[in-house]
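Peer 1: Below is one structure. I have some questions about it.
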Amino acid sequence: MTGACGPGDGVPLIECRGLGLSRGGHPVLRQVDLTVGRAEIVGVLGRSGVGKSTLLRCIVGLERPDRGCVKLMGQDIGGLGEDELNSLRRQVGLVFQSAALFDSLSVFENVAFYPRRFLRLTESELGELVARHLAVVGLPGTERLMPAQLSGGMAKRVGIARCLAAEPKVILYDEPTAGLDPVMAAVLDRVIVDLRDDLGISAVVVTHDVRNALTVVDRAALLHGGTIYFEGRPDAFAETADPLVRQFVDGAVDGPLTDG
Ligand SMILES: Nc1ncnc2c1ncn2[C@@H]1O[C@H](COP(=O)(O)OP(=O)(O)OP(=O)(O)O)[C@@H](O)[C@H]1O
Ligand SMILES: [Mg+2]
């Protein structure tokens, strides 16, 4: 059994079993099985539109699947009330595809958002906490800036700092490096790896940038046709002869992904 404080050693942080979800009569997810353990970085790869963001929204309970279940820290979120779901959800951070900061709030207030609501801190403790999380993502001293003043890479890192303030066990990153220059993409990758190495925070990294992802993740899952079509360590992706995986990894124009 798991307690409110967290999973036992053997309990995955995230467990999706047989997830299915249709949109407008069209199946997006058919049968998705995915497990994320402690201090693990898992990539979810797939072409645009295969349902990667939808899968993340199911994991955090923003969407309810039609079939299957999602367990967070061993608890099936399908049967939970709003309060219980919210308390589990706080342990699972989501960094949205568009950083999704609160535009009218400063960087400080964006990062302070969760602790203001859920922790009883003095203003000076809050200031220390925000400064600490901004330093972790490499943005010390940016508290007074407004979201409109941030570059794309800065906004994504503020989004991560906002997640960190909820002290998550795992962070789901939706396209963390999309639209960033290669150096900033490498900075973001480093943040994800450092959070795992230094704080033990697991990661689910959703991306269609397969080459970049395979340098960062411990394990990757290729979402295709509503299921996890292929899953393995990065070297398994590099070595497989499966034509569909090969086409995706190599970025080839011709092959099963583009036939028909
Ligand atoms: N609100 C919606 N109503 C109907 N269909 C939707 C809606 N949102 C997404 N979809 C459909 O669900 C499918 C999966 O979308 P999703 O955003 O999860 O894909 P994705 O893999 O994250 O794509 P991308 O790499 O472009 O971000 C797409 O076919 C999309 O058209
Ligand atoms: Mg998406």
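Peer 1: Just need a number here: residues in the range 24-47 that are within 12 Å of ligand 1 (Cβ to nearest atom), part of a strand (DSSP E or B) and under 18 Å from the mean Cα position of the chain (by Cα).
Peer 2: 4
Peer 1: How about the range 196-221: which of its residues are part of a helix (DSSP H, G or I) and farther than 23 Å from Ala161 by Cβ?
Peer 2: Passing the criteria: Val210, Arg211, Leu214.
Peer 1: Could you please give the count of residues in the range 213-235 that are under 23 Å from Val137 (Cα atoms) and within 16 Å of ligand 2 (Cβ to nearest atom)?
Peer 2: 1
Peer 1: Something else now. Tell me which residues, restricted to the range 188-208, are surrounded by fewer than 19 Cβ atoms within 10 Å (Cβ to Cβ) and of a type in the set (D, E, K, R).
Peer 2: Arg190, Asp194, Asp197, Asp198
Peer 1: Next question. Which of (1) away from ligand 1 (no atom under 16 Å from the Cβ); (2) touching a residue at least 12 places away in the same chain (Cβ under 8 Å); (3) surrounded by 14 or more Cβ atoms within 10 Å (Cβ to Cβ) is the odd one out, the single condition Leu94 does not satisfy?
Peer 2: With (1) away from ligand 1 (no atom under 16 Å from the Cβ); (2) touching a residue at least 12 places away in the same chain (Cβ under 8 Å); (3) surrounded by 14 or more Cβ atoms within 10 Å (Cβ to Cβ) applied to Leu94, the lone miss is (1).
Peer 1: Here's something else I'd like to know. Which residues, counting only those in the range 141-153, are farther than 25 Å from Arg120 by Cβ and at pLDDT 90 or above?
Peer 2: Gly141, Thr142, Leu145, Met146, Pro147, Ala148, Gln149, Leu150
Peer 1: Say we look at the range 159-180 and pick out the residues that are touching a Leu at 6+ places or on another chain (Cβ under 9 Å), within 16 Å of ligand 2 (Cβ to nearest atom) and assigned to a loop (DSSP other than H, G, I, E, B); which of these is farthest from Ala112 (Cα to Cα)?
Peer 2: For the range 159-180, the residue satisfying everything is Leu180.
Peer 1: Same structure again: Of all helices (runs of 4 or more DSSP H) completely enclosed by the range 48-158, which ones contain at least 2 residues that are closer than 25 Å to Val205 by Cα and either among the charged types (D, E, K, R) or within 16 Å of ligand 2 (Cβ to nearest atom) (or both)?
Peer 2: Filter on the range 48-158 gives 52-59.
The values are calculated or read from the model by the stated rules, or taken from the named source; none is laboratory data. No experiment lies behind these values; they were computed from the predicted model shown. Cβ sites come from the backbone with ideal geometry, for glycine too, and all protein chains shown count toward neighbours.
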